[in-house]
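The values are calculated or read from the model by the stated rules, or taken from the named source; none is laboratory data. In this text the structure is predicted, and so the values were computed from the model without any measurement. Cβ placement follows ideal geometry from the backbone for every residue including glycine, while neighbour counts extend to all protein chains displayed.
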Amino acid sequence: MSAVIAPNEVRAPAIPRPRLGAWDWPLVLLTAVLVVFGLFMILSASSSHADAVYGDSLTFFNRQVAGVLLGVGVSIGVTVVPWRWLRAVGYPAAGLSFLGLMLVFTPLAYTANGATRWIHVGVNIQPSEFAKVGLILMLATFLQRNEGRMRDWTILVTAGVLSLGLIGPVFIEPDFGTTVVMSGLVGVMLFVAGLRWRWVMGLGGLGVLALFGLAILEPYRIVRLTSFTDPLADGSGSGYQVVQGWIALASGGTFGNGLATGLAQRGFLPEAHTDFILAVVGEELGGVGLFVFLMIYLAMLWRGVTIASRAVDLYGRLLGAALTAMLAAQAIINLGVVVGWVPAKGLVFPFLSYGASAVVVHLFSVGLLLRVSMETRAHDAQEG
């Protein structure tokens, strides 16, 4: 006689646990190409400066390699921990991000190039880089728990207050570029969660006006906002970086001058290995090399869009869309700064520019995208 199963003993079939074979391998391979290419360019762009300042031409390269290794480890870790744990880290991640941002206003703060955006704890860490992902994880958790309630104004107000808890300290640092990116991410996530585009555009317009009003309160921001319109007017002052970037891009021509042969990074172009590394790519590899790199980056972003669109639930869609938007926004702004379309923002080009904190965050973001894809494939396998 067969056993009788009580109703409370009935269990829904579990979704198969994702395996490494379920990774989005195109995303993995594209990211690997970008990271390796970035390491080569950082070595080429920074060796002269590192040798002059530290007596070791590999200083920045070695630091970036350490960041890449840590980022790869974190990225792999994201793909193996239980999904329910990742869905529960939103608020703790935001809390840790807020704590890191507050440390920038303590004696642990580290200042470089007139900006205080780092903390020094044996190594320099930029909390605002981690705050971007902390914001995404927090809002994804909040909006998923309030799915279908975007017409409730209290949800919008709460989302705004939660976001300001991380965006406010970043603006005060000050880090205007990251403030703009984080504010845009809030708009993207609200739209994906169901807020009508008219509301998103309206709130975005108010946000732009507010940021502009706050920006003009500081004289140095006014200079940045106006000098980019005509860098040649002050080519030896506020427009110096942009002008030198133009010279580097123009001197590279179609096929470039060859790796490690450019002049821009030999003291002529400040921040050649960070904010303006695209100019070094253009000088050494030419327009063709720069175009190929940008196409690879676009392909990586397209994989992110595909993963977000195929996610099985709102949480996955929010993560996928916001993480991809973050990587896209930073690349667009950095490119705009180099060619003189937008004011200097201090934002690096993901996977290409030097910045250990940034590369850890960007690889962590790729790990999250991979995990969203893995959950989708596991769900599809169960449905099939």
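The number of residues in segment 235-275 being modelled with pLDDT of 80 or more, outside any loop (DSSP other than H, G, I, E, B) and of a type in the set (S, T, N, Q) comes to 3. When the residues of segment 134-183 are filtered to those that are in contact with a Gly (Cβ under 6 Å, 6 or more places away or on another chain) and at pLDDT below 95, the one that is surrounded by the fewest Cβ atoms within 10 Å (Cβ to Cβ) is Met150. Looking across segment 339-384, the residues that are at pLDDT 90 or above and within 22 Å of Gly114 (Cα to Cα) come down to Val348, Phe349, Ser353, Tyr354, Gly355, Ala356, Ser357, Ala358.
Residue by residue, here is whether (1) within 18 Å of Ile332 (Cα to Cα); (2) of a type in the set (Ser, Thr, Tyr); (3) more than 18 Å from the chain's Cα centre (by Cα) holds:
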| site | (1), (2), (3) |
| --- | --- |
| Thr141 | no, yes, yes |
| Asn146 | no, no, yes |
| Met150 | no, no, yes |
| Trp153 | no, no, yes |
| Ala159 | no, no, yes |
| Ile172 | no, no, yes |
| Thr178 | yes, yes, no |
| Met182 | yes, no, no |
| Leu185 | yes, no, no |
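For Leu70, the conditions (1) among the hydrophobic types (A, V, I, L, M, F, W, C); (2) over 22 Å from Leu278 (Cα atoms); (3) out of contact with any helix residue (DSSP H, G or I) (no Cβ under 6 Å at 6 or more places or on another chain) are fulfilled apart from (3). Take Ala279 and decide whether it is surrounded by 22 or more Cβ atoms within 10 Å (Cβ to Cβ) and either over 16 Å from the mean Cα position of the chain (by Cα) or not in a helix (DSSP H, G or I) (or both). Yes, satisfied. Looking at segment 329-374, which of its residues are under 17 Å from Val305 (Cβ atoms) and either surrounded by fewer than 21 Cβ atoms within 10 Å (Cβ to Cβ) or of a type in the set (Ser, Thr, Tyr) (or both)? Selection gives Ala329, Ile332, Ser365, Ser373. Exactly one residue out of Met189, Met138 is within 20 Å of Ser97 (Cα to Cα), touching a Phe, Trp or Tyr at 6+ places or on another chain (Cβ under 7 Å) and in contact (Cβ under 8 Å) with a residue 12 or more places away in the chain, and it is Met138.
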